[in-house]
1. Working only within region 1-35, note down all residues that are assigned to a helix (DSSP H, G or I) and over 20 Å from the mean Cα position of the chain (by Cα).
2. In the set 117, 82, 78, 92, which member is at pLDDT below 75, loosely packed, with under 12 Cβ neighbours inside 10 Å and part of a helix (DSSP H, G or I)?
3. When you go through (1) in a loop (DSSP other than H, G, I, E, B); (2) in contact with a strand residue (DSSP E or B) (Cβ under 9 Å, 6 or more places away or on another chain) one by one for residue 70, which number turns out not to apply?
4. Checking the condition in contact (Cβ under 8 Å) with a residue 60 or more places away in the chain and out of contact with any strand residue (DSSP E or B) (no Cβ under 7 Å at 6 or more places or on another chain), which residue from 28, 11 passes?
5. Does any residue of region 47-61 turn out to be closer than 24 Å to residue 12 by Cβ, part of a helix (DSSP H, G or I) and in the same structural domain as residue 15 (by TED's automatic domain parsing)?
6. Six or more apart or on different chains, Cβ atoms under 7 Å: show the pairs whose first residue is in region 71-83 and in contact (Cβ under 8 Å) with a residue 24 or more places away in the chain and whose second is surrounded by 10 or more Cβ atoms within 10 Å (Cβ to Cβ) and part of a helix (DSSP H, G or I).
7. Can you tell me how many residues in region 53-62 are surrounded by 14 or more Cβ atoms within 10 Å (Cβ to Cβ) and either farther than 21 Å from residue 6 by Cβ or within 24 Å of the chain's Cα centre (by Cα) (or both)?
8. For residue 131, are the conditions met, namely being surrounded by 10 or more Cβ atoms within 10 Å (Cβ to Cβ), over 24 Å from the mean Cα position of the chain (by Cα) and modelled with pLDDT under 75?
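The values are calculated or read from the model by the stated rules, or taken from the named source; none is laboratory data. Owing to the predicted nature of the structure, the values given are computational and were not obtained by experimental measurement. Quick reminder, even Gly has a Cβ in these numbers, built from the backbone with ideal geometry, and neighbours come from all protein chains shown.
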């Protein structure tokens, strides 16, 4: 089975609708238009081949099939969010160039120990002048 990103996107929109209780609030949370949310849910329903939501102008509720689908896919969304958060919080996520331009006295007396500890904690930081710490 090939991966279709629209399916994942549709599931995320469905989750926002269910969690907020309305298309309008989901649209605000997702930064989409109400009609965009509606179209995304409709596409998802077409992709999975079932009606997921019973909706009227005044109410919104998951169908029985929609409830089962939602309960099965939400843990997967949570796993994706956890994996992304884990990457963001990992030391490997901190990388790039660190350029420090400070007074030499301040560097030796205050910053050197802290900067050394920082560079040890984040080894992917490119050091432009590591000899300045000596």
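1. Listed by number, the residues that qualify are 23, 24, 34, 35.
2. 92
3. (1)
4. 11
5. Looking for residues that are closer than 24 Å to residue 12 by Cβ, part of a helix (DSSP H, G or I) and in the same structural domain as residue 15 (by TED's automatic domain parsing), one finds at least one in region 47-61, hence yes.
6. 73/11; 74/15; 77/11; 77/12; 77/15
7. Here the count works out to 1.
8. no
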